[in-house]
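Bear in mind that the values in this text are calculations on the coordinates, not laboratory data. Worth saying up front: this structure is predicted, and the values here are computed from it rather than measured. Here the Cβ positions follow ideal geometry from the backbone for every residue, glycine too, while neighbour counts run over all protein chains shown.
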Amino acid sequence: MSISSTGDSTTVTGVTIGDSLTAHRVYTDQAIIQCCNPVIHEEGAGGNTLPIINARFTDATDYNPDFIVIQGGTNDTQAADPNASMQAAVEAMVGKTLAASATPVLVKVCPLGVSSYNVTRQGYIDTHNTWLVSYCSTNGYELADTDDPLRDGVTNKLADDYDSGDGIHLSTSGYVKMGKLVAAAIQSAGTW
């Protein structure tokens, strides 16, 4: 599904690629509203792991975008010790983004909510998010922090206001919050 918003003669083109958290209209609308009036193509697909997203990455590069938002990881945490494959997939997608002369914008994995919370899965998410901070800092890439701002300060899980009820997907207010965080990272990444 493509979601587009037309701009002027200096239109910026962007792609969001990832799992089901990326395939939500409210999230993409926030990127359109908050950022540089870009044309946004949404390439989120439910159930995708980072290696699967990497395998279909031409879904993003075929648009010849100015930036690509890379998001995923929640589905990966259902496997045992997924972090090496998650990291390799992110590095490969960043390489493909740069080869396409686009700017990568990476996104942390959101925390799990009460109904899906599992200490092991959340540990994988926390490990991956820590690696993303280091990787982006070392390489100068923008990273949208969609972890800490979405957590409940007491339970340290996905805040109820941002949880759709299944502990994984976000509510409308959660997608709005995430969209604004990603839009800020897009703006920081570019000169558009």
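General observations
- When each of Met178, Met93 is scored by the number of other beta-carbon atoms lying within 10 Å, the sequence from fewest to most is Met93, Met178.
- Order of Val119, Val109, Val39 - criterion: other Cβ atoms within 10 Å of each residue's Cβ, fewest first: Val119, Val39, Val109
- Rounded to whole Hz, the Karplus (6.51, -1.76, 1.60) HN-Hα couplings of the range 92-107, x for glycine and proline: 5, 5, 5, x, 5, 5, 5, 5, 8, 6, 10, 9, x, 10, 9, 10
- Packing-based order for 78-88, 120-130, using average beta carbon neighbours within 10 Å, highest first: 120-130, 78-88
- As a proxy for reagent exposure, Val154, Val176, Val133, Val105 were ordered by neighbouring Cβ count within 10 angstrom, fewest first; the result is Val154, Val133, Val176, Val105.
- D (Stokes-Einstein, µm²/s), Kirkwood Cα radius, the range 13-189, 1.306 mPa s at 10 °C: 101 µm²/s
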